[in-house]
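The values are calculated or read from the model by the stated rules, or taken from the named source; none is laboratory data. Since we're looking at a predicted model, the values are computed, not measured. FYI the Cβ positions are ideal-geometry reconstructions off the backbone, even for glycines, and counts take in every protein chain you see.
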Amino acid sequence: MEKIEEIVFNAKALLKFIKTDQKFFNAVVFQVEELVNLLDSEEINWSKVKFCFNQIDLFYEKWREKKISSGVLYFAPRQISDSDVLVVGIRNILEDSTINLPKKSFEPASSSKVTSLNEYIKDNRLLMACNKDFESKNYWDSVFKATRHLETRIREKAQLSNESTGVDLVKQAFHNQTGKLKVPFCETESEREGFFQILVGVTKYHRNSKAHREGKLESDLALKIIGYVDYLITVVDNSIENKTD
């Protein structure tokens, strides 16, 4: 019980911290609020808690200190370094197999458990685009439709025509130097380029492969990919005009 209370304490402390700089943490505020709500439930659904936390941890991982090349070290922004101890603390507890929680709480989502995206995906339009295929166990097509919907949202946000597709669309919208849009909480050119490259990678690796050939995916992997697309849509929706003059 002590460890559960520690997770709740860390989650609430994290929510309080990120609300001091909602501009920087804009893409992840909703997920932290959802995490706190899940932990406040009378019966905690640990599968949902872990899924929600993974989205938060992905955001932090993008900003954490890392070695870029030989002798070159990237330092995380203050907002990340000051609060990452809370995120790491939550992750350590969730990954600790010695904690006395129901065994099923730590099992990843699988085809026998997750039959619908309704409880996991927050963006309603994304849900409408891909949940029917997911419920029909067409996980490959479900991921394709999710990534295609991401493309639609980028096009709408950048106010580009339907002739703009794929990587060309991403370049027109989010290229770190010439794109029509920028992510407001990216503080450096390198960070803006990083988000641009993420969108290029999702387009080339996920959207294009699913569009050009048939294949199979397990539900747990499809859920992870679509969950990340859900996060990317949040960032896209919160992007602003890139004024170059």
- Query: Mind checking whether some residue in segment 191-200 is at pLDDT below 90, assigned to a loop (DSSP other than H, G, I, E, B) and within 25 Å of GLN79 (Cβ to Cβ)?
  - Reply: no
- Message: So, in segment 131-145, how many residues would count as being within 16 Å of LYS216 (Cβ to Cβ) and either of a type in the set (Asp, Glu) or under 18 Å from the mean Cα position of the chain (by Cα) (or both)?
- Response: 6
- Residue, nearest to PHE25 (Cα to Cα), within segment 171-190, restricted to residues that are part of a helix (DSSP H, G or I) and modelled with pLDDT of 90 or more: PHE174
- Message: Exactly one of these conditions fails for SER69: (1) loosely packed, with under 15 Cβ neighbours inside 10 Å; (2) at pLDDT 85 or above. Give me its number.
- Response: (2)
- Message: Can you say whether LYS50 is out of contact with any helix residue (DSSP H, G or I) (no Cβ under 9 Å at 6 or more places or on another chain) and either of a type in the set (Lys, Arg) or at pLDDT 85 or above (or both), as far as the supplied structure shows?
- Response: no
- List every residue pair whose Cβ atoms sit under 8 Å apart, with the two residues 6 or more apart in sequence or on different chains, where the first one lies in segment 224-245 and is at positive phi and the second, anywhere, is surrounded by fewer than 18 Cβ atoms within 10 Å (Cβ to Cβ). none
- Message: I'd like to know if segment 162-170 contains one or more residues that are exposed (fewer than 14 other Cβ atoms within 10 Å of the Cβ), over 23 Å from ASN26 (Cβ atoms) and of a type in the set (D, E, K, R).
- Response: yes
- Query: If the Cβ limit is 8 Å and pairs must be 6+ apart or interchain, which residue in segment 50-75 that is among the basic types (Lys, Arg) pairs with which residue that is at pLDDT below 85?
  - Reply: LYS50/SER105; LYS50/PHE106; ARG64/ALA76; LYS66/LEU73; LYS66/TYR74; LYS67/LEU73; LYS67/TYR74
